[in-house]
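First comes the structure, then the notes that go with it.
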Amino acid sequence: MQLDHFNITAPMDQLVRVRDFYTEVLGLTEGDRPNFNRNGFWLYGNGKPILHLIEGEVSGEQPSKPYLDHVAFHTDDLQTIKARLDSLGVSNKQMDVPGRDLRQLVFFDPVGIKVEINAKV
């Protein structure tokens, strides 16, 4: 079992901000997307569509606030991502995981989803 992708449903003006944020900060790239009945974007990391963005006011499956706490990514270059966040004025917190050779960078995307970036120390 492995994580395939995560999905964000939001109005198009928000989706454009979210798309731009993830491409600029994490280096994801916009790529091919099936011709679904709602507009949106698929963002790719390492050649895989890991972030799906769909136009809508709320998710059709979860009309109330879901219980998602955060989404996490792994990188080999945490400092470059931190520098991008700082240059964009995005508040972020960096911390070491106690008892692990792991450093985390935590911040919120434009629609308020908490994002965690992990890197080996």
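The values are calculated or read from the model by the stated rules, or taken from the named source; none is laboratory data. Being a predicted model, the structure only gives us computed values, none of them experimental. Cβ coordinates were reconstructed from backbone atoms using ideal geometry, including for glycine residues, and neighbour counts include every protein chain displayed. Areas reflect the complete protein model, heavy atoms only, side chains present, ligands, DNA and RNA absent. Shrake-Rupley method; radii C 1.70, N 1.55, O 1.52, S 1.80 Å.
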Estimated dipole of the stretch 1-55 in Debye, rounded to 20 [Cβ of Lys and Arg +1, of Asp and Glu -1, Cα centre]: 100 debye
Top of Arg19, Arg84, Arg100 by mean-square fluctuation, Gaussian network on the chain, Cα under 10 Å: Arg100
Phe108 long-range amide H proximity, modeled H, under 5 Å: Val115
Most fluctuating residue given options Pro110, Pro34, Pro11, as computed from a GNM of the chain linking Cα atoms under 10 Å: Pro34
Note, ³J(HN,Hα) from phi for the stretch 82-92, Karplus 6.51, -1.76, 1.60, rounded to Hz, x at Gly and Pro: 4, 4, 5, 4, 4, 5, 8, x, 8, 4, 8
For the chain, built as a Gaussian network whose Cα springs stay under 10 Å, the top-fluctuating residue of Val25, Val97, Val71: Val97
Karplus-derived 3J(HN,Hα), 6.51/-1.76/1.60, for each residue of the stretch 10-20, Hz, glycine and proline x: 7, x, 4, 4, 6, 4, 4, 5, 5, 4, 4
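Determine the share of the chain's accessible area contributed by carbon and sulfur atoms, expressed in whole percent, with a 1.4 angstrom probe.
Accessible surface attributable to carbon and sulfur in the chain totals 49 percent.
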Surface per residue (accessible, 1.4 Å probe) for the chain, Å²: 65 Å²
Amide H within-cut-off set for Thr9, under 5 Å, with H built and near neighbours excluded: Ile54
